[in-house]
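Chemist: Got a structure for you, questions after.
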Amino acid sequence: MTEAQTELHKLRKINRALMERVELSMDQQGNAYSLFQTAISLEEQVRRRTGELSSTLADLERSNLQLINAKEAAEQANFSKTRFLAAASHDVLQPLNAALLLMSTLSTVQSTAEGTRLCRQVEHSLETMDTLLRNLLYMSRLDAGDVRPHWQTVSLDMLFDSIASDFQPIAQVRNLELRVRRTGLHVWSDPTMLRRTIQNIVANALRYTRQGGALLTAGRRGEKVHIRIADTGIGIEPERFKDIFVEFQRCGQGPDDLDGSSAGLGLGLAIVERMVNTLDINLTLNSRIGYGSCFSLTLPFEQAVEDAPAKASATRGTDKINGVKLAGTRILVIENDLAALQAMEALLKQWGCELRLASSTRETLGALNSENAWVPDLIIADQHLNNNERGTSVIRIVRQLIGRRIPAVVVTADPSERLWKMADQGRIEVMQKPVKPAQLRALLTHLRARSSELSA
Ligand SMILES: Nc1ncnc2c1ncn2[C@@H]1O[C@H](COP(=O)(O)OP(=O)(O)OP(=O)(O)O)[C@@H](O)[C@H]1O
Ligand SMILES: [Mg+2]
């Protein structure tokens, strides 16, 4: 190889190496460029996605706002419904109360069997209307969170006894057996709401049973008490367990198929569900078609203590306690509604009570001053009087004037939380309208007996 050829070979090698380096560097530049391009496109994508996300977020915010507005509107509608129902029910319950009291008096003065039968029918219709209105009102109040439990120790024996006396006649008419087992147990609950819960379930147990009957019992397991209402009735399909707690839902087979008695509205268990939620009671249901059903309620166990209101309900229907009779009792009745006042007057007179009637504070003071020695043994006052006067205030004034805590009952269509509190502090009994004559009589007899015990 000549020197020139060697030089040429060397130069070619150098050239190749240089070319390779150039190519490599161009490649690298190309990568950097494509990376740069990728970065740009990624940024573009990120920007696009961010844009999409922002608009989705904005959509969400918009629909959230719409939801909040809809919720507020629904709450407002619910509130208006509650207020409407409360107002309507109050206005309807007032005359209904008077009508029921008058019917009770009217039926006692009937001389023919036909007259008595007709009176009973009218009374029954009025009571049905009363139950319906009361249930609707109560349900809407439970929905609105307007019902707050009055927690106390509740004797299950007392509760079961009163349920037994309410339902034994119904069981007899249907040829069924109602067994109630006394256990001596107590629970921590609201006696009125618990009673109402069990009543609804027992009513169903008797209504949807053809043969056999129902058993109401309780048992303790640790710190819990289980109340069970079992029946040997038609049973409920498991798929319907949820449905039956929805308002106005009734399963195919109603009482019409069983005994021809009037059908329910499908409100009983809807109210039960709301009440057990409010009372924090665990409710379970077991049932088999054709074999029967068992509703079980689980509540906190409570040590026994004697409570006065329970005593009052235990004496229900008694005319004479500790030798004290209602006849001859002096009662001051304060009521602004003339029809209600007259109805109450007729009823109390029938029981042989001596009365003074008033419709306001002024008339009350007049009634007490007109005859020096007349001091009432008991006071019955309507809570909502004219000119914003309250029954509880008039009672307080009378008690101050006479210087003694005269036993008193406030009657109202819709007792509020405040009234319960006021009544609690002022030791005033609260009774819901329409007043049931038997309950009123039992309460008045009890109050009269208690006050003579205290003054003895
Ligand atoms: N113990 C039971 N046995 C069989 N079916 C029952 C029983 N309790 C409830 N059901 C069914 O559940 C439905 C709903 O009961 P719910 O108490 O709510 O209404 P209702 O008894 O029809 O009417 P209401 O109680 O308002 O007078 C009833 O119609 C009935 O079909
Ligand atoms: Mg029912």
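Chemist: What number of residues within region 405-437 are in contact (Cβ under 8 Å) with a residue 24 or more places away in the chain and loosely packed, with under 15 Cβ neighbours inside 10 Å?
Modeler: Count: 2.
Chemist: Continuing with the same structure: Checking the structure you have, find out if any residue of region 346-354 is part of a helix (DSSP H, G or I) and basic (Lys, Arg).
Modeler: yes
Yes/no per residue for (1) aliphatic (A, V, I, L, M); (2) crowded, with 18+ Cβ neighbours inside 10 Å; (3) free of Cβ contacts under 8 Å to residues at least 40 places away in the same chain:
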residue: 330; (1), (2), (3): no, no, no
residue: 340; (1), (2), (3): yes, yes, no
residue: 346; (1), (2), (3): yes, no, no
residue: 373; (1), (2), (3): yes, no, yes
residue: 379; (1), (2), (3): yes, yes, no
residue: 391; (1), (2), (3): no, yes, no
residue: 396; (1), (2), (3): no, no, yes
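Chemist: Further question: Looking at the structure I just gave you, is residue 152 in contact (Cβ under 8 Å) with a residue 60 or more places away in the chain and more than 24 Å from residue 246 (Cα to Cα)?
Modeler: Yes: the conditions hold for residue 152.
Chemist: Which of the residues that make up region 196-212 are in contact with a Leu (Cβ under 9 Å, 6 or more places away or on another chain), within 25 Å of residue 150 (Cβ to Cβ) and more than 10 Å from ligand 2 (Cβ to nearest atom)?
Modeler: Correct list: 197, 198.
Chemist: Further, regarding this structure: What strands (runs of 3 or more DSSP E) lie completely within region 136-254 and have 3 or more residues being more than 9 Å from ligand 1 (Cβ to nearest atom) and at pLDDT 95 or above?
Modeler: The strands (runs of 3 or more DSSP E) meeting that bar are 177-180, 213-221, 224-231.
Chemist: So residue 303 clears everything in (1) modelled with pLDDT under 90; (2) outside any loop (DSSP other than H, G, I, E, B); (3) under 29 Å from the mean Cα position of the chain (by Cα) except one condition, right? Which one?
Modeler: Every condition holds for residue 303 apart from (2).
Chemist: Among (1) within 26 Å of the chain's Cα centre (by Cα); (2) loosely packed, with under 14 Cβ neighbours inside 10 Å, where does residue 98 come up short?
Modeler: Single failed check for residue 98: (2).
The values are calculated or read from the model by the stated rules, or taken from the named source; none is laboratory data. Fair warning: this is a prediction, and the values are worked out from it, not measured in the lab. When we count neighbours, we look across all protein chains shown, and the Cβ atoms used for this are built from the backbone with ideal geometry, even at glycine.
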